[in-house]
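Data block below; observations after.
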Amino acid sequence: MRRSRSTLILFAILTAALGLAGCSGSGLVGGGPGPGNPALPPTIFAAEFTRLVGVSDMQGTSWWQIGTQGSGVGQFGFPTHVVRDAMGRFYVSDGNRLVRFDDLNGANWTAFGGFGTASGVAFDATGRIYVADQGNHWIVRMDDMNGTGWTTFGSCCTGQGRFISPEDIAVDTAGRIYVADTGNDRIVRIDDMTGAGWTEYGTSGGAPGQLNDPAGIALDPSGRIHITDSANGRVIRINDMTGANWVADANFAEPRGIHITPAGRIYVADRFDDTVTRLDDITGLGRVTLHCGPAGVCFLGPFSVWGP
């Protein structure tokens, strides 16, 4: 049985209250590497509950974290998505705000609020920031972390121009916007923030061409679309919005976040299995899965992942 969203939120609250969300006693530390060789900096990052976790490699040699429970500098309430921009800065969606900081020490910590529930984050070629706002059932574009140029598109609930709890967002090289419309069991592509060119893919179910709780969306270097079909326990790849060349890897429990590198490597955060998986290709080539490191430090319900 997969964990429901409400169960996970309750679990996050309980673990935070018990002091488990920071893995106290695990050797994880903020602002630097944990167990293993401290000369190995973290390169793979996962957002989970009240912290951002980093590991040096897919063997879990060194672990690192930033974040304690709260809403101040260096604190998170419920972080769900992590991405890095072209300058290497971290962006973490955290409840009603988006947080940005420069490095592993949290330098230049900046937070911008105003979201219902911020979720997936993406950038276009000019560096503008896009956010899937689950709480407001819309997507947001802004020019910078001051909220300059704030623009929204969408409303609740079904039909064209409407979303239900959109969880992730991606932007292609042509500036077109892709949205994981999670509550409607579909993905949507629009040409711009006016909603022009509205195109959707997917219907509810578990067969090819169907989706159930699609949570993550990412584009590979060829522009192919990858979707974490969460409640169906699989990652899907299609060539385009027609669904051509539908391929699935069904070896997951509850995949949520997905990240694809410029070289085409795929990282998947599997929230139910408490793991991060890296694949060279959707066929499963080069599959490596990490749950715990050699010092017994483990992932705890990762929502998203970013890797090199």
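The values are calculated or read from the model by the stated rules, or taken from the named source; none is laboratory data. Predicted, not measured: the structure shown is a model, and the values here were computed from it. So basically every Cβ, Gly included, is an ideal-geometry build from the backbone, and we count neighbours across all protein chains shown. Side chains included, ligands, DNA and RNA excluded: accessible areas come from the protein's heavy atoms. Shrake-Rupley method; radii C 1.70, N 1.55, O 1.52, S 1.80 Å.
Could you grab me the full set of residues in region 245-283 that are touching a residue at least 24 places away in the same chain (Cβ under 8 Å), of a type in the set (Gly, Ala, Ser) and either open to solvent by less than 10 Å² (accessible area, probe 1.4 Å) or part of a loop (DSSP other than H, G, I, E, B) (or both)?
Step one: list which residues in region 245-283 are touching a residue at least 24 places away in the same chain (Cβ under 8 Å), which gives 246-249, 251-272, 274-279, 282-283.
Still in the list and also of a type in the set (Gly, Ala, Ser): 248, 253, 257, 263-264, 269.
Hits for region 245-283 are Ala253, Gly257, Ala263, Gly264, Ala269.
Taking region 125-147, which residues are open to solvent by less than 40 Å² (accessible area, probe 1.4 Å), of a type in the set (A, V, I, L, M), out of contact with any Asp or Glu (no Cβ under 6 Å at 6 or more places or on another chain) and touching a residue at least 40 places away in the same chain (Cβ under 8 Å)?
Ile139, Met145
Modelled with pLDDT under 90, in contact with a Ser or Thr (Cβ under 8 Å, 6 or more places away or on another chain), at positive phi and open to solvent by 10 Å² or more (accessible area, probe 1.4 Å): which single residue out of Gly36, Gly74 fits that description? Walk me through how you get there before you give the answer.
Numbers: Gly74 fails: modelled with pLDDT under 90.
Just a single option satisfies the conditions, and that option is Gly36.
I'm told Gly54 meets every condition in (1) open to solvent by 10 Å² or more (accessible area, probe 1.4 Å); (2) modelled with pLDDT of 95 or more; (3) farther than 30 Å from Ile164 by Cβ; (4) in contact with a Phe, Trp or Tyr (Cβ under 9 Å, 6 or more places away or on another chain) except one. Can you identify the failing condition by its number?
Failing condition for Gly54: (1).
Please pick out the residue among Ala118, Ala107 that is surrounded by 22 or more Cβ atoms within 10 Å (Cβ to Cβ) and either free of Cβ contacts under 8 Å to residues at least 24 places away in the same chain or under 21 Å from Ala180 (Cα atoms) (or both). Talk me through it step by step, then tell me what you get.
Working: Ala107 fails: surrounded by 22 or more Cβ atoms within 10 Å (Cβ to Cβ).
One residue alone meets the criteria, Ala118.
Quick check on my filter: what residues within region 135-147 are in a loop (DSSP other than H, G, I, E, B) and more than 21 Å from Thr110 (Cα to Cα)?
Listed by number, the residues that qualify are Gly135, Asn136, His137.
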